[in-house]
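Before any comments, here is the structure.
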Amino acid sequence: MRSQKKLSNAYYISIGAISIFVASYNIAIISVALKPIERAFNVSSGIVYLLGALIFVGAMIGAVVSGVFSDRFGRVSILAIDIVTFLLAGIGSALSTNIAMLMFFRTLVGVGVGIDYVVIFTYISEIVAGKNSTRNLALIMFFANFGILFSYLIGGSLLTLGPTGWRYALLSGALFSIVPLIMRAGIKESSLWKFKRIKSMKAIIKDVTSRGNRKYLYRFSVPWFLYQIGDQSLTMFLPFILITALGVSAVSGAFSAVIVKAFTIPASILAFLIIQRLGTRKLQAAGFIIRSVFLGILGFGIYFALRMPGIEIIILLGLAFFFGSMGPDKTTVIMPVENYDESIRASGQGFNEMAGRFGGLIGILAFSLFGLAGIDIGLIFLSITCILGFFFTIAYRDKQHTEKISKKANEID
């Protein structure tokens, strides 16, 4: 019986991991296609930056709406929607005949991303509840790094097919979504959700925004917002940054981004090993402040026109990604889902993720503006947001509910 339970848990964790892989892949795949799209539709760089940012508008909508609907109607029914969204929006993006059409479908991809990140972590925290809940969620977030890494690798390879290579790159996001679609067939509903279900959407919203839960909205939204400012702008513009800093082609920039993003793999392994022992709050604070150091060194180095070989730029960016991935990349997603009550868990996660996605939107737009003055100013700006994230993290203490979740799950089972 115990071995069967472990096998079942492993399967559900793998569903979560593949789902987050696909969501992250769909976020980042546009980054390798921005330059070719600019040429294909003969649009300005400002329009291209806006195209990159629109996925976060969709993610904000998907996050807050899916959270409330998931608490009202269940986790499994809402999970079916995001896969359909990825399929339709990915195909639509690849077949777009003008920039407006592409913008619409990329926003729709964002809706799927918002749904996925809210409902998957809520669902897995309940269906595989136990003393190792934090590590399980960190393991799932590990695959977000692989999703971005593979988007650079596969996207860069597809660009070599010629002027239409970007279309195949965007289509690949839809094709990958078929895997979680198959894996999710027949999955069971969360017993914890059934046990604590609130049958009124008005009551759910009232509860999640009540005085008792408002502290969680502030405490977890601000670090998520600050982290995503830097993380999403770096993820979106990493190939562009490398093209500019190293003076290479779009394809070489994409492959150089793979090297930089590869730093997140050992970082995620380290986070998985130490997150429960060190605690999410300490890990988040450490990740923020050390990440700020490397972004600052690179930004000021470029600003003062220091001679920096390509390998140094790659290493500094890689280390910035390493400590971000080790800390706030995981903790900002995990902490909300471990603190909200099961009856409003998805809604709370949705509101917090909406703040994070808004940060991603602000980060891309701000980095675009600062980028007009040079990528050095943009990198210094991102370093400052990490410093703010550090101070906000150490100003608040979080109380994890892993043991409470485990106890309730055992009682229901």
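The values are calculated or read from the model by the stated rules, or taken from the named source; none is laboratory data. These numbers come from a predicted model, not from an experiment. Because the Cβ atoms are built from the backbone with ideal geometry, glycine has one as well, and the counts that use them run over all protein chains shown. All accessible areas refer to the heavy atoms of the entire protein, side chains included, with ligands and DNA or RNA removed. Shrake-Rupley method; radii C 1.70, N 1.55, O 1.52, S 1.80 Å.
Restricting attention to region 240-249, does a residue exist that is assigned to a helix (DSSP H, G or I), in contact (Cβ under 8 Å) with a residue 40 or more places away in the chain, buried (at least 24 other Cβ atoms within 10 Å of the Cβ) and in contact with an Asp or Glu (Cβ under 8 Å, 6 or more places away or on another chain)?
no
Evaluate region 23-36: report whether one residue or more is among the charged types (D, E, K, R) and free of Cβ contacts under 8 Å to residues at least 24 places away in the same chain. Steps first, please.
Quick first cut of region 23-36, residues among the charged types (D, E, K, R) only: 35.
Narrowing the set further to residues that are free of Cβ contacts under 8 Å to residues at least 24 places away in the same chain leaves none.
No.
Can you tell me which residues in region 49-60 are crowded, with 21+ Cβ neighbours inside 10 Å, of a type in the set (A, V, I, L, M) and closer than 13 Å to residue 237 by Cα?
Within region 49-60, 51, 53 qualify.
Which residues, counting only those in region 85-107, are in a helix (DSSP H, G or I), under 20 Å from residue 151 (Cα atoms) and either open to solvent by 30 Å² or more (accessible area, probe 1.4 Å) or free of Cβ contacts under 8 Å to residues at least 40 places away in the same chain (or both)?
If the condition is that a residue be in a helix (DSSP H, G or I), under 20 Å from residue 151 (Cα atoms) and either open to solvent by 30 Å² or more (accessible area, probe 1.4 Å) or free of Cβ contacts under 8 Å to residues at least 40 places away in the same chain (or both), then 85, 87, 88, 91, 92, 103, 105, 107 are the ones that fit.
Any idea how many residues of region 123-154 are of a type outside the set (A, V, I, L, M, F, W, C) and closer than 22 Å to residue 176 by Cα? Give the steps one after another, and end with the answer.
Start the filter on region 123-154 by keeping residues that are of a type outside the set (A, V, I, L, M, F, W, C), which leaves 123, 125-126, 130-136, 145, 147, 151-152.
Of the ones still in play, those that are also closer than 22 Å to residue 176 by Cα are 123, 145, 147, 151-152.
Residues that pass the stated criteria total 5.
Is there a residue being of a type outside the set (Val, Ile, Thr) and surrounded by fewer than 24 Cβ atoms within 10 Å (Cβ to Cβ) anywhere in region 109-129?
So far as region 109-129 goes, no, none of its residues is of a type outside the set (Val, Ile, Thr) and surrounded by fewer than 24 Cβ atoms within 10 Å (Cβ to Cβ).
Quick check: anything in region 20-30 open to solvent by 20 Å² or more (accessible area, probe 1.4 Å) and either of a type in the set (D, E, K, R) or at pLDDT 90 or above (or both)?
yes
Report, by residue number, each residue of region 177-206 that is among the aromatic types (Phe, Trp, Tyr) and either surrounded by fewer than 20 Cβ atoms within 10 Å (Cβ to Cβ) or closer than 23 Å to residue 263 by Cβ (or both).
If the condition is that a residue be among the aromatic types (Phe, Trp, Tyr) and either surrounded by fewer than 20 Cβ atoms within 10 Å (Cβ to Cβ) or closer than 23 Å to residue 263 by Cβ (or both), then 195 is the only one that fits.
Are there any pairs with C-beta distances below 8 angstrom linking a residue in region 39-60 that is at positive phi and among the aliphatic types (A, V, I, L, M) to a residue that is at pLDDT 85 or above and crowded, with 16+ Cβ neighbours inside 10 Å, with the two at least 6 apart or on different chains, and if so which?
Final answer for the pair search is none.
So which of 387, 377 ends up being farther than 21 Å from residue 24 by Cβ and modelled with pLDDT of 95 or more? Show your work before the answer.
On the way: 377 fails: modelled with pLDDT of 95 or more.
None of the others qualify; the one that does is 387.
Given (1) surrounded by fewer than 16 Cβ atoms within 10 Å (Cβ to Cβ); (2) touching a helix residue (DSSP H, G or I) at 6+ places or on another chain (Cβ under 7 Å), identify the lone condition not met by residue 256.
(1)
Looking at (1) crowded, with 22+ Cβ neighbours inside 10 Å; (2) in contact with a Leu (Cβ under 8 Å, 6 or more places away or on another chain); (3) closer than 17 Å to residue 34 by Cβ, find the lone condition where residue 168 falls short.
(1)
Can you tell me which of (1) modelled with pLDDT of 90 or more; (2) crowded, with 21+ Cβ neighbours inside 10 Å; (3) farther than 28 Å from residue 341 by Cβ is the one residue 33 doesn't meet?
(1)
Yes/no per residue for (1) in contact with a Phe, Trp or Tyr (Cβ under 6 Å, 6 or more places away or on another chain); (2) open to solvent by 20 Å² or more (accessible area, probe 1.4 Å):
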residue: 292; (1), (2): no, no
residue: 302; (1), (2): no, yes
residue: 306; (1), (2): no, yes
residue: 319; (1), (2): yes, yes
residue: 327; (1), (2): no, no
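Among the residues of region 69-83, which ones are modelled with pLDDT of 90 or more and open to solvent by 10 Å² or more (accessible area, probe 1.4 Å)?
Selection gives 69, 72, 73, 76, 78.
Do we find a residue being open to solvent by 10 Å² or more (accessible area, probe 1.4 Å) and in contact with a Pro (Cβ under 7 Å, 6 or more places away or on another chain) anywhere in region 145-160?
yes
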